């Protein structure tokens with residue numbers, strides 16, 4: 001590996017770590033803000049998104065652990081942990097939506113919750129973009145996968161924001177759980193991809209970065 005490539009990877013790892021540190025900090029604050037907003041509004045959706053933020057904290061912590069000691073063993077373990085985090089996210093959204101529909105829950109208006117969800121939607125989109133860019137630059141499947149966790153986190157924030165806004169303005173209480181169900185498909189897809197990708201990290205990295213796979217002529221191993 002040339003010195004320029006080594007420097008690029010080293011800088012990319014530093015950028016990835018800073019992205020994850022910011023994500024961790026944002027979501028720690030998010031859990032606290034949402035706890036206050038959910039209590040005031042008696043909102044199941046806001047409580048659930050607090051759980052979603054906790055899952056994102058776990059995923060970010062896993063990526064920090066992996067970036068601090070990149071090797072195949074850590075990549076495999078990290079991808080499996082992120083896959084489980086995706087599965088938990090799907091379970092949360094599904095249970096949350098069905099519970100809200102079954103209970104005919106009508107939460108109170110929460111301006112704090114709506115403001116925070118809007119801010120989170122924007123911030124998570126920017127963070128996801130940054131993780132995709134850095135992950136592609138250093139060809140790191142774990143950072144790329146966690147970027148998808150962050151992207152889905154943004155989608156969840158946007159869906160819940162639309163739901164509670166429609167409830168607040170039009171009284172459409174059912175809009176919240178219906179919007180949340182859209183996330184289930186994407187979460188299941190990425191949980192499966194991350195789990196099976198942990199067994200073939202080179203091929204998985206290529207699928208995430210959309211780079212062509214090459215096969216080593218001597219060893220026959222797949223490489224990106």
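A few points about this structure:
- Sorted from greatest to least, the principal axis extents spanned by the alpha carbons of the stretch 30-183 come out as 51, 26, 25 Å.
- Stretchable slack from residue 129 to residue 17, in nm (0.36 nm times residue separation minus alpha-carbon distance): 38.9 nm
- Evaluated at q = 0.16, 0.25, 0.28 Å⁻¹: base-10 log I(q)/I(0), Debye formula over Cα of the stretch 85-146: -0.78, -1.04, -1.06
- Overall shape of the stretch 41-103 was characterised from the C-alpha gyration tensor. The equivalent ellipsoid obtained from it has semi-axes of 31, 12, 4 Å, in decreasing order.
- Put simply, the convex hull of the Cα atoms in the stretch 1-72 casts, on average, a shadow of 5.4 nm².
- Percent of Cα pairs exceeding the 12 Å cut-off, where the set is the stretch 116-163: 56
- Highest mean first, the peptides 22-30, 147-155 sorted by other C-beta atoms within 10 Å per residue fall in the order 147-155, 22-30.
Here, each number is a calculation from the coordinates, and none is a lab measurement. Not measured: the values here are computed from a predicted model. So basically every Cβ, Gly included, is an ideal-geometry build from the backbone, and we count neighbours across all protein chains shown.
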